[in-house]
Amino acid sequence: MTRKPWEGRGCLLFSEAEVRYLKSQRLARIATVSRKGQPDVVPVGFEFDGKYFWVGSHSQDIFLRTWKYHNVKNGNKQVALTIDDLESVDPWKPRAIKVYGSAEVLDHKGQFGPGKYLRIVPKVSWSFGIPGLKHEGPGWSRVKTVHD
């Protein structure tokens, strides 16, 4: 049996609808935490390869000075990533995928070229308002997935 790249061991990591949404977006928000417990949230460009999220920068010099890089490099590997947009403002239709996961710094050749990137392994995700997902409640879809 041939698996699609987003299929995991016996279960989908992300549904086809979620993957379509992820592939259509370029901007995310990543939250990391410093050694002193200070949260830091910043907008980032990202890639999704079907299994991992990759966060880098157009400039390695800038990336290597960021809080997100240092927070993960210093051992605080737990991260949150949100990819969201507004499908419509009237009526109000937000869409989002929120991911809790672990990150590590790796060399990668990604959308910003070769260099250091954060590779994020999804552990739990929530999807809201993504077309094609099962609806929970009137007009709102929300799906929680635990990734193995």
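No lab work stands behind these numbers, since they all come straight from the coordinates. Please read all numbers here as calculations on a predicted model, not as lab measurements. Quick reminder, even Gly has a Cβ in these numbers, built from the backbone with ideal geometry, and neighbours come from all protein chains shown.
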Longer than 21 Å from Cα to Cα, which of K36/K73; K36/K98; K73/K116; K23/K73; K23/K93; K23/K77 are they? Say none if no pair is. K36/K98; K23/K73; K23/K77
Extension gain from K36 to E87, taking 0.36 nm per residue of separation minus the Cα-Cα distance: 14.6 nm
Residue-count net charge about V124 - beta-carbon cut-off 10 Å; Lys, Arg +1, Asp, Glu -1: +3
Which whole-Hz couplings ³J(HN,Hα) result when phi for each residue of segment 81-93 is put into the Karplus expression 6.51 cos²θ - 1.76 cosθ + 1.60, θ = phi - 60°, listed in order with x for Gly and Pro? 10, 10, 10, 8, 6, 10, 5, 7, 9, 9, x, 5, 9
Sum of -39500 (n - 2.57) over DSSP H runs of 4+, divided by residues of the chain (222 nm, nearest 500): -3500 deg cm²/dmol
Distance in nm between K109 and D61 label points, each 7 Å along Cα→Cβ, equals 2.4 nm
Residue-count net charge about V44 - beta-carbon cut-off 12 Å; Lys, Arg +1, Asp, Glu -1: +1
For each of H58, H108, count neighbouring Cβ atoms within 10 Å of the residue's Cβ, then give the residues from fewest to most. H58, H108
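Which order do D107, D90 fall in if you start with the one that has the fewest other Cβ atoms within 10 Å? It would help to have the intermediate numbers written out before the result.
On the way: D107 9, D90 5.
The order, fewest Cβ neighbours first, is D90, D107.
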Kindly put L106, L118, L133, L13 in sequence by how many other C-beta atoms sit within 10 Å of each C-beta, fewest to most. L106, L133, L13, L118
